[in-house]
Amino acid sequence: MPRPFPYRRLIVVGVTGSGKSTLAERLAEKLRLDYVELDALFWLPNWVGTPDEEFAAKVDAATRGERWVVAGNYSRVRSIMWPRAQAIIWIDYPLATVFWQLLKRTIRRTWKRELLWNTNTERFLPHLKLWSDESLFRWLFKTYWRRKREYPQLFAMPENEHLTILHFSSPDETDAWLAGL
């Protein structure tokens, strides 16, 4: 008989396009946890970011409970979430895998005109401008190797020793783990 999953407060981290939101949403459904998407708390209409103090208050309120899973990496609210969490799931896929996932997601969101957070939608052309801060592909290339260095250092810090780290290196590994819960 499998043991029940012992964690009720989880954070899913990884680079843009790695599948943080998808995994967090699936976990929330499977484990009956509240689903907290940091992008939904941060982005206001017209892609305007929420001011830091207001964003922190939203994250604080969303993670006060006993049963939640957060999708996101915002370092500005890490000091609120990480002390409350029991486990962090690090999606650490190869760059080519993440790039492909991000490309497919961006095309799908653009084609279907998916409504994201607070009336925002994605447009494809700005993402092709790799020199622009609007490009998620630029953001991926800018942060991919930094996250690979940064996360192990953060996990090793004394204030984070209470966290269990679940590290997944491929979508198949993640899917197999999720299926086994």
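For every residue, the table says whether it meets (1) at pLDDT below 95; (2) under 15 Å from K20 (Cβ atoms).
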position	(1), (2)
F137	yes, no
L140	yes, yes
Y144	yes, yes
Y151	no, yes
L154	no, no
M157	no, no
N160	no, no
H167	no, yes
L178	yes, yes
Considering the range 50-106, residues that are among the hydroxyl-bearing types (S, T, Y) and outside any helix (DSSP H, G or I), and then whichever is nearest to L33 (Cα to Cα), we arrive at T63
Picked from the range 35-46 (must be part of a helix (DSSP H, G or I) and under 18 Å from the mean Cα position of the chain (by Cα)), the residue farthest from L136 (Cα to Cα) is L41
Condition set assigned to a helix (DSSP H, G or I) and loosely packed, with under 11 Cβ neighbours inside 10 Å, scope the range 107-125, selection modelled with the highest pLDDT: answer is W111
In the range 142-181, residues that are assigned to a helix (DSSP H, G or I) and out of contact with any Leu (no Cβ under 8 Å at 6 or more places or on another chain) total 20
Determine if the range 52-74 includes at least one residue that is on the phi > 0 side of the Ramachandran plot and under 14 Å from the mean Cα position of the chain (by Cα). yes
Picked from the range 40-87 (must be β-branched (V, I, T) and surrounded by 15 or more Cβ atoms within 10 Å (Cβ to Cβ)), the residue farthest from Y151 (Cα to Cα) is T50
Looking at this structure, is P6 out of contact with any strand residue (DSSP E or B) (no Cβ under 9 Å at 6 or more places or on another chain) and either modelled with pLDDT under 95 or surrounded by fewer than 17 Cβ atoms within 10 Å (Cβ to Cβ) (or both)? no
Given the conditions (1) under 11 Å from V13 (Cβ atoms); (2) in contact with a Phe, Trp or Tyr (Cβ under 8 Å, 6 or more places away or on another chain), every one holds for F55 apart from (1)
Given (1) surrounded by 23 or more Cβ atoms within 10 Å (Cβ to Cβ); (2) part of a strand (DSSP E or B), A24 misses just (2)
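The values are calculated or read from the model by the stated rules, or taken from the named source; none is laboratory data. Given the structure is predicted, the values throughout are model-derived calculations rather than measurements. Note that we place each Cβ from the backbone using ideal geometry, even for glycine, and neighbour counts take in every protein chain shown.
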